[in-house]
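Shown next, in structure tokens, is the structure this report addresses.
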Amino acid sequence: MSSAANTAPLWQPDADRIAAAAVTRFQSWAAERYGAPAEGGYAALHRWSVDELDTFWKAVADWFDVRFSTPYETVLASRSMPGARWFPGATLNYAEHALRTAEDPSRADDPALLHVDETHQPTPVTWSELRRQVGSLAAELRALGVRPGDRVSGYLPNIPQATIALLATAAVGGVWTSCAPDFGARSVLDRFQQVEPVVLFAVDGYRYGGKEHNRTDTVAELRRELPTLRAVVHIPLVGTEAPEGAVDWSALTSADTEPVFEQVPFEHPLWVLYSSGTTGLPKAIVQSQGGILLEHFKQIGLHCDLGPQDRFFWYTSTGWMMWNFLVSGLLTGTTVVLYDGSPGYPETGAQWRVAELTGATLFGTSAAYVMACAKAEVHPARDYDLSRIKCVATTGSPLPPDGFRWLHDEVASDLWIASVSGGTDVCSCFAGAVPTLPVHIGELQAACLGTDLQAWDPQGKPLTNEVGELVVTNPMPSMPVHFWNDPDGSRYHDSYFDTYPGVWRHGDWITITDHGSVIIHGRSDSTLNRQGVRMGSADIYEVVERLPEIRESLVIGLEEPDGGYWMPLFVHLAEGATLDDTLRTRIKQAIRTELSPRHVPDEIIEVHGVPHTLTGKRIEVPVKRLLQGTPLAKAVNPGSVDNLDLLSFYESLARTRR
């Protein structure tokens, strides 16, 4: 991809907006106190934040008034990756910071949470009520024998009870872990059995797309298969009675108890997140109370520019790291919008309606949703009052250039569009939102503060304006402290550090442009490498899925034993469309003219659907393995796939090709 340095930005913040941004105030404050550069804007601040890593994170802790109940000896005792040691000696509590706003009498009755379901009636939970329920539940967890380090699990949708259970778990020093209730029992057990929870919070069902889904049988199976459970807490979302031996949610959250916040070491586990687990068991990724606290303060307070006046809405489920990130909006005193339901019910534009109803100032969604709205000819600005939205942020996959243009044209011409990219592995962003920088079409604004992001060639040489591996060459506080059940750290090491010793390799292809922006091209392990020209799958999807006949696509590049290269494109057609010669020609022509003649697929094959992980990512690498002849049982973890039947097609295709 060529650098877009010579093209005019799609959006440029005006002088007032730059002056008002928290990151601007932080920079001048850090210049006075910590030697940060006063001039040179964001680029200079970023350079300083990675060159003076210790000082930068000390400044972040100071700026956000992090309460260390015992002081730290030094910021970073060891920089080695893996194994960096942050703020040794310090103790603190994440939940204490998340509930700090409730201590302010002038804010106690403001909404901390706004809960919306498919009826589109926002229900507030005030700061004082949130704090009271967390206090009550934390005391009850202690009474159940939950001690620091014990795991507490949730089988819950994005409802206030999930947020309260997470905060109460953190308050007692427990380790939270959650799955969404659309996960089947096997997927949940693949995750929870690894960490052996002592408590399970579970709903009896959920509502999605206008339908009610009963989950009582699944919960019964989870109880049978999790022998370490001491208690099951029943949350009657669809109105069933608590099953035998389960305790009702209301019984644990009705007391008026002052919360007690266990002061834990900085590196004490806060939660366990899971990689998509497309091959083998999902990786159980452990992140720390202190590391997440600092990383999320920086990300939400400086990059997302959120504060007490804001309302933060991101469409997510509890099975995706964006839910954990959303809950952290509480750290900056921001009202968090929890939406539980289908993103496109009762019509495609439903999320814009939620943004309107809740007065969202930052609206986060997926690139796929933006493109679905564009295809369905949704007109957000025309049909909804979105005057409070300052920023629309997208993640999950790269936002195509057409997505930038559509948001600009259909939401607001003065819209800050933040395409962001990071990972479950750090529960944060490597690159994305910066309120003081211009937005260029198809580009993420910049690498995030304190993130030493580079693009490397196979020899470890940094590249500019060229495609390379996404690497992070210095530690971040939210990098995993370890993986669960990985006693010698080998699985952790092999996941990120086996390509470039001591350097985090994430598995994405990126370009860092000469003006400091970042372009994401897709996963480097499913990269299309044709005659030495590498291209990310995201580039192909962007072009192919512009065609109205294509609902979704999947492209695979296969190195063959004889040295050849086979690149099929699988297409899931829109209703009423036919894959005839005319459509095949149009697909090939679009790829040839808009991308590269080398990346025209060898075959275009119609499929009944594209398989995804349970968090909505297209499954590329396992399909590649199936096409290489790996049996289905070895190529993919069945519990991690949204529709396993779709994969047998690729297995039989491999047989017929052989």
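A few notes on this one:
- Options L281, L270: the member that is within 30 Å of L626 (Cα to Cα), of a type outside the set (F, W, Y) and out of contact with any Gly (no Cβ under 7 Å at 6 or more places or on another chain): L281
- For region 547-589, taking the residues that are assigned to a helix (DSSP H, G or I) and open to solvent by less than 10 Å² (accessible area, probe 1.4 Å), the one that is nearest to K624 (Cα to Cα) is identified as I587.
- Checking each residue in region 100-115 for being open to solvent by less than 30 Å² (accessible area, probe 1.4 Å) and either closer than 18 Å to D62 by Cα or hydroxyl-bearing (S, T, Y) (or both) picks out only T101.
- S397 satisfies every condition listed in (1) open to solvent by 20 Å² or more (accessible area, probe 1.4 Å); (2) more than 19 Å from the chain's Cα centre (by Cα) except (2).
- Residue in region 252-266 that is crowded, with 19+ Cβ neighbours inside 10 Å, within 30 Å of E347 (Cβ to Cβ) and of a type in the set (A, V, I, L, M, F, W, C) present: no
- Residue count for region 370-401, restricted to those that are assigned to a helix (DSSP H, G or I) and out of contact with any strand residue (DSSP E or B) (no Cβ under 8 Å at 6 or more places or on another chain): 10
- Close pairs (7 angstrom Cβ cut-off, 6 or more residues apart or separate chains): at pLDDT 95 or above in region 129-158, among the charged types (D, E, K, R) and open to solvent by 10 Å² or more (accessible area, probe 1.4 Å) anywhere: R132/D256; G135/E258; L144/R230; G145/R230; P148/E262; R151/E196; P157/D340; N158/D340
- Subset tally (residues that are in contact with a Leu (Cβ under 7 Å, 6 or more places away or on another chain), open to solvent by 20 Å² or more (accessible area, probe 1.4 Å) and farther than 23 Å from G307 by Cβ) for region 46-58: 1
- Yes/no for E295 being open to solvent by 50 Å² or more (accessible area, probe 1.4 Å) and not aliphatic (A, V, I, L, M): no
- Criterion applied to A61, A43 was being surrounded by fewer than 16 Cβ atoms within 10 Å (Cβ to Cβ), touching a residue at least 12 places away in the same chain (Cβ under 8 Å) and in a helix (DSSP H, G or I), and the one residue passing it is A43.
- Scanning region 404-420 for residues that are within 23 Å of G522 (Cα to Cα) and out of contact with any strand residue (DSSP E or B) (no Cβ under 7 Å at 6 or more places or on another chain) returns R405, W406.
The values are calculated or read from the model by the stated rules, or taken from the named source; none is laboratory data. Remember, predicted model here, so these are calculated numbers, not experimental data. So basically every Cβ, Gly included, is an ideal-geometry build from the backbone, and we count neighbours across all protein chains shown. In case anyone asks, the SASA skips ligands and DNA or RNA and just uses the protein heavy atoms, side chains included. Shrake-Rupley method; radii C 1.70, N 1.55, O 1.52, S 1.80 Å.
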